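Reviewing the structure listed below.
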Amino acid sequence: MSVRVRFAPSPTGNVHIGNIRTAIFNWLFARHEGGKFLLRVEDTDRERSTPEALQAVLDALNWLGIDYDEEPLYQSKRIGVHLAIAEKLVQNGHAYKEDKGGTGKGECIIFKMPGKDAVYTDLVKGELRKEAKDLKDFVIVRSDGTPTFHLANIADDIEMKITHIIRGDDHVENTFKHVALYEALGVTPPKYGHLPMIVNAQGKPYSKRDGAAFVGDFKSNGFHPDALFNYLALLGWSPGGDREKMTRAEMIEAFTLDRVKSGPSQMDLVKLTHMNSEYVAGMPQDDFIARVKDVLAGADWARNVDENFFREVAALMQSRTHLYSYAAGWKYFFMDDFDYEEKSVNKGLKKEGIRQALSSLASALEGIDFSVGTIEKIIHETELAAGAKQGKLNFSIRVAITGCATGAGLYETMVLLGRDKVLKRLRHAAEKLCGE
Ligand code: GLU
């Protein structure tokens, strides 16, 4: 039987990385097996399901390149079928009606657990068992006539002919109920695999308090979708060896459920950022420029900049741009009214002797061939004359010409800025920003 899996989000808010990781695992599994990856929208909660939240799910899938097969199934359109299944369960004695609490508001339909221990073999966690005494009857249709999650979930998995259910391990308890529902309906249950939670450094469920937690946050923080996909694929799955950066095709080729880990997966933003920097450094320059321009679309200074110069800046900065959002700090290449970081000014410029050193450097840089080698030599001579060790002046020069503490190689940055800007900024720093 060919594999059919699904991603079944409830569109009630932002898309958490835990949810999208579930989608990624299902997608990789389907593509590895040559099966189908389907989308089901669990929108039966009419109050909490919103069109915006659904759009956020579709945008997240699209951004990450997770394509689905066939038409999406909307659970809310199938309520009639869900209710018919509940009636069938009542008729064959597996469910009963009750006016819960005797309120007179209407009867709900309750599924009768079979009174035996429940056991199933989880593809990730192995055999799981629950004793009969801990398995209570449960509501499948509320007194207002709406089906509950349990009923709608299994009814639609049957309709969609789902063979494997891969979902978060917050659903393990539900699975005992779901397997019983399948049995009562005389349908063979699909195979289940429950993915471990994504946790923070303290081992607690990863939430927005821990930093970016929703797919949209990663997009706006300047992550590359392929890097996030790759990182999340490795969060709970090991391809074997110490492979980390992998192409989609390599992940599809290597993905099997027996390599999914059962222990919690710890989200590490530093590691993710590192992976992102590898993706960015390795991408074609034109792609990089296009992504960076997207990020800079809202920055006034980035309008009408010279295209060729922009390309040169991008070429110099690409390998240092760990996140696209870093490009917001490129202003100093293009404009003189960039901001100076106060901390860096204090550390780099407000020191004895710096004013003099920067102003002699400015004079010494006049009239030379303005290349990396010569600039380095002149800076070194200026340091010697000031009685400073080699390299001592670099930080101050960087702050004077860029306003910040980090960037590309100093001499390369100076060459790209050009002599006029460098001299102007060194003199401005000496006159206005340095201490005595
Ligand atoms: N809507 C459920 C969720 O997002 C689906 C659970 C399932 O995959 O069966 O948790």
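Table for the structure above
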| read-out | value |
| --- | --- |
| Extreme residue, positive dipole direction of the stretch 307-359, given options GLN318, PHE338, LEU358 (C-beta unit charges) | LEU358 |
| Scattering profile of the stretch 34-142 at q = 0.10, 0.12 Å⁻¹ [log10 I(q)/I(0), Debye over alpha-carbon scatterers] | -0.51, -0.72 |
| Helix 17-33 vs. the chain, principal-axis angle (Cα, 0 to 90°, nearest 10) | 70 |
| Kirkwood Rh, angstrom, the stretch 112-260 [1 / mean 1/r, Cα pairs] | 18.1 |
| 5 angstrom amide H check on ALA95, placed H, neighbours 5+ away | VAL90, LYS112 |
| Packing-based ranking, highest mean first, of 239-246, 273-280 given that Cβ atoms within 10 Å are counted | 273-280, 239-246 |
| Chain lengthening between GLU381 and ASP336 when straightened (0.36 nm per residue, less Cα-Cα) | 13.5 nm |
| Packing-based ranking, highest mean first, of 345-357, 226-238 given that Cβ atoms within 10 Å are counted | 226-238, 345-357 |
| C-alpha center-to-center spacing [the stretch 92-163, the stretch 199-236] in angstrom | 33 |
| Karplus 3J(HN,Hα) series, Hz, for the stretch 218-229 with 6.51 cos²θ - 1.76 cosθ + 1.60 (x for Gly, Pro) | 5, 5, 6, 7, x, 8, 8, x, 5, 5, 5, 4 |
| Cβ-placed point charges (K, R +1; D, E -1), dipole of the chain about Cα centre in debye, nearest 20 | 740 |
| Cα-based Rg of the stretch 276-337 normalised by 2.2 N^0.38 Å, two decimals | 1.03 |
| Net charge contributed by nearby residues that have their C-beta within less than 14 Å of ASP369 (K/R +1, D/E -1) | 0 |
| Under-5 Å amide H pairs with VAL141, H placed in peptide plane, nonlocal only | ILE109, THR148 |
| ³J(HN,Hα), Karplus 6.51/-1.76/1.60, whole Hz, each residue of the stretch 359-376, x for Gly, Pro | 6, 5, 4, 4, 5, 5, 7, 5, x, 8, 6, 7, 10, 3, x, 5, 4, 4 |
| Rounded FRET efficiency, nearest 0.05, which uses the C-beta distance separating GLU312 from SER238 and R0 of 41 Å | 0.50 |
| For the stretch 1-112, share of DSSP beta bridges that run antiparallel, in % to the nearest 5 | 40 |
| Burial ranking of peptide ranges 285-297, 175-187 (average Cβ count within 10 Å, highest at the top) | 175-187, 285-297 |
| Members of LYS77/LYS97; LYS245/LYS421; LYS293/LYS421; LYS97/LYS208; LYS136/LYS271; LYS392/LYS432 lying beyond 32 Å, as alpha-carbon distances in this model show | LYS245/LYS421; LYS97/LYS208; LYS136/LYS271 |
| The stretch 180-271: radius of gyration and largest Cα-Cα distance (Dmax), Å | 16.3, 50 |
| DSSP-defined beta bridges in the chain - what % are antiparallel, rounded to 5 | 55 |
| Mean residue ellipticity (222 nm) of the chain, computed from DSSP H runs ≥ 4 via -39,500 (n - 2.57), nearest 500 | -13000 deg cm²/dmol |
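Read-outs: derived from the displayed coordinates by stated rules, not from any lab. Please read all numbers here as calculations on a predicted model, not as lab measurements. Positions of Cβ are backbone-derived with ideal geometry, glycine not excepted, and every protein chain shown enters the neighbour counts.
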